[in-house]
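What follows draws every value from the coordinates through simple rules; no lab data is involved. Everything quoted here is computed from the prediction, not taken from an experiment. Positions of Cβ are backbone-derived with ideal geometry, glycine not excepted, and every protein chain shown enters the neighbour counts.
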Amino acid sequence: MAKKLALIILLVLGIVFLPTAILLLFGMMPTIAAMATNKSPGYNRTVCVGAMNFAGCFPFLLEFWTQYGQQTIGKAFELIADPSTIIVVYMLAAGGYGIDKAVTGITASIILQKSERRLKKIKEEKKKIVARWGEKVTGEYELDDYGFPINPIKDPSADTEDDELLMDK
């Protein structure tokens, strides 16, 4: 319901401020493309590209609102048709893609290094536990079809009298 209401409000504002809406529509095309192709949760790429893209559009919006006397559709298309406008706006959007790619790569690298350190620490802890409790705690031996160890590891500290009693029966 909230999305529908926001869409209706956006449509009404677009009609009321049509020249500004046209300028933003053409300027924010890379953000629309990022939104359509972004599959990551949280829409990180869309947010990054959108922020940089709007930063590129904003100076031209200010120019459109302040230097042109009356905002008309013709003046909006005139500003859009200026190559320097499109180059600046789209280059900043490309910078948003670059920032997204760089931050994603750096974050993945940090997470990988952190997990490798954690794995190394776990292996060291495992060695300490095996040294203290013996190989039996590793669980690294073959099992038969019923889940019993085929060659169970004998615990040297176990009572051999219990084994002899079981053998006699």
Check your understanding: Assuming ALA34 fulfils every condition listed in (1) touching a Ser or Thr at 6+ places or on another chain (Cβ under 7 Å); (2) of a type in the set (A, V, I, L, M, F, W, C); (3) over 14 Å from LEU92 (Cα atoms) apart from one, which condition is it?
Key -> (3)
Exercise for review: Can you work out which of the residues in the stretch 43-84 that are in contact (Cβ under 8 Å) with a residue 40 or more places away in the chain and of a type in the set (Val, Ile, Thr) is nearest to ALA33 (Cα to Cα)?
Suggested key: VAL49
Check your understanding: Say we look at the stretch 52-92 and pick out the residues that are polar (S, T, N, Q) and over 36 Å from the mean Cα position of the chain (by Cα); which of these is surrounded by the fewest Cβ atoms within 10 Å (Cβ to Cβ)?
Key -> GLN70
